[in-house]
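Written below as structure tokens is the structure these notes are about.
Each value in this text was obtained by applying a stated rule to the coordinates, not by laboratory testing. Since this is a predicted model, take the numbers as computed values, not measurements. A quick note on method: Cβ atoms are made from the backbone with ideal geometry, for glycine too, and the neighbour counts reach across all protein chains shown.
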Amino acid sequence: MFQCYGPIIFLKLGYHVNVVATDDPVIMREIMGKQDDVFSSRPRSIATDFLCYYGHDLAFAPMGPHWKTLRRICMEHLLTSKRLLSYRRQRQEEVMLMVQEIFALSMQGKVILLRKFLGAFSMNCITRMLLGKRFFGPAQSCRPEEAARFEKIIHESMVLLGLFNIGDYLPILRPFDLQGYERRARKAFASVDALQSELLNEHKLKKQRGDEDGGTTNFIDVLLSLREAGEEKLTDQTIKAIVQDVIAAGTDTSSATNEWAMAQLLRHPNVCKKAQEELDRVVGRERLVEEEDLPQLRYLRCIAMETMRLTPSGPFVIPHYSTKDTQLAGYDVPKGTQILISIYSHARNKKVWGKDAEVFYPERHWTDETKIENSNGLDMKHVMFGGGRRRCPGAALGLNLVMLALGHLLQCFDWSLPPNVVEIDMSEVAGLAAAPATPLQAIATPRLAIPLYNLPNP
Ligand code: HEM
């Protein structure tokens, strides 16, 4: 579309919604850099109203004091380097459990449904940080029905947040709910809220009883303590909204990225081989890769970056929204315009990435010194985490989860397609986090000495 109409497109959706879409780095820098104060709000929609506690969450809250408080709390109490480091052991346990399960299946000659394992890994890492609880795999802290319910609720809300609901653009049609999305959103919200209330109550009770949580404080307990000490004014609703947000924002994004990465590696065996050579060189074959090794695994990092560039876990940055009349690239942009930044088209923009923009080529990031997880995103070459003040606060953790899982999958196994799969389907499902439309299946062959797969958890 941008090739036909140019780098900035204005759309009028329905009779009242103005949308500006772009894939151009200069215009993006204007939106998320120079004019960040104008464009850092979020549009409301039927889905965000229902699923995000009417803007009481973090990701979809309009710009203002409420968003500022929640963002600060997340940055100061959940996503600091120190706090992330304190959960390192849990992540290592989770990745080891994933390896052990895949190993067991590979020894039985079974096909591996990667989504199941990558999804469980991301979800368990995030819920252990937030709730001190793992929902999936062996030794889960809940019943299988509870885990299935949890997964369904999170997944349904992510899908609904990414769908185009005609009632948002033609309010006259909203009462008819022609696509049935509003009914689905109401139902999903009832489930989300019931689940979040149960989780919160569990923690309130535990706190009253003075139960310890294995020495690592989880985020929901931190929020309750901040409230108790009078340091932060937090309602139950706000606590539930933040927890729901971080689960939704942190899990499907990183697991979809990993599934795309594995799809790309299966399509590009030479890239896979090069990554395994790097792992053998840096880590060796006598022990398993650890988080401390990740900064030395430069090629693995290039694979993660290239995957997020070409097959991002969402085609657009979460929409931004203008709060004043302004100008962009010489055009008038009225207050209340939705801004769509296309990660997908930006990756295919030959002015940014050269003639081979559409090719999966991790080496293009080799000389790239940008520490994407710490940058403000304003180089606008790397837009996978957005930019400006709404930039993803979980970028460092997200990249870490991706590299940790990929590092283990590649070090521990050789990968091939099942005999009945001729071509990998690279189309994606609709939703805020877009995983491959056909769940990726593969055959894993162990490549390390057997005792390494049976190590007790660290
Ligand atoms: C590979 C993994 C991830 C990707 C690709 C990703 C991508 C993004 C993108 C594109 C945005 C929108 C930025 C903008 O509007 O400019 C975002 C926002 C957000 N992300 Fe991430 N993310 C990932 C992992 C995480 C993790 C692990 C967490 C939390 C633990 C997280 C929490 C959030 C939150 C809370 C927001 C909303 C920020 C706000 O509106 O102020 N994300 N993410």
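Worth a mention:
- Two-site FRET efficiency, Ala229 against Arg389, from Cβ-Cβ distance with R₀ of 22 Å, rounded to 0.05: 0.20
- Chain lengthening between Asp236 and Leu452 when straightened (0.36 nm per residue, less Cα-Cα): 73.3 nm
- Label-point separation in nm, Lys110 to Ile172, each point 7 Å along Cα→Cβ: 5.6 nm
- Only Lys, Arg (+1) and Asp, Glu (-1) charged, at Cβ; segment 115-189 dipole about Cα centre in debye: 280 debye
- HN-Hα J in Hz across segment 257-264 - Karplus 6.51, -1.76, 1.60, θ = phi - 60°, x for Gly and Pro: 4, 5, 5, 5, 4, 5, 4, 5
- Were the residues from Lys12 through Met75 laid out at 0.36 nm apart, the gain over their Cα-Cα distance would be 19.1 nm.
- Shape of segment 46-124, Cα gyration tensor, a/c cut at 1.5: oblate
- Segment Val421-Glu202, length gained on full extension (0.36 nm per residue, minus Cα span): 74.3 nm
- In terms of the mean number of neighbouring beta-carbon atoms within 10 Å, the peptides 322-332, 259-269, 273-283 order highest first as 259-269, 273-283, 322-332.
- Order of Val222, Val271 under a 10 Å beta carbon neighbour criterion, fewest first: Val222, Val271
- Cα centroid of segment 1-17 to Cα centroid of segment 86-144, whole Å: 43 Å
- Gyration tensor verdict on segment 18-165 (Cα atoms; rounded if a/c is under 1.5, prolate if a/b is larger than b/c, oblate otherwise): prolate
- Here the peptides 65-72, 304-311 are ranked by packing, the mean other Cβ count within 10 Å, and the order with the highest first is 304-311, 65-72.
- For the chain, the dipole from Cβ point charges (+1 on Lys and Arg, -1 on Asp and Glu) about the Cα centre works out to 360 debye, to the nearest 20.
- Helix-only [θ]222 nm of the chain, DSSP H runs n ≥ 4, -39500 (n - 2.57) each, per residue, nearest 500: -15000 deg cm²/dmol
- Between Arg447 and Phe413, Asp414, the built amide H atoms are under 5 Å apart, and every one of these is 5 or more places off in sequence or on another chain.
- For Gln237, net neighbour charge (Lys/Arg +1, Asp/Glu -1) across residues whose Cβ lies under 10 Å away: -2
- Segment 196-279: relative contact order as a whole-number percent, Cα under 8 Å and 6+ apart: 26 percent
- Nitroxide proxy distance, nm - points 7 Å out along Cα→Cβ at Lys82 and Tyr5: 4.9 nm
- Cα shape, the chain, gyration tensor, a/c 1.5 rule: oblate
- The amide H of Val333, built 1.01 Å from its N in the peptide plane, has Thr326, Gln327, Leu328 as neighbours under 5 Å, considering only residues 5 or more places off or on other chains.
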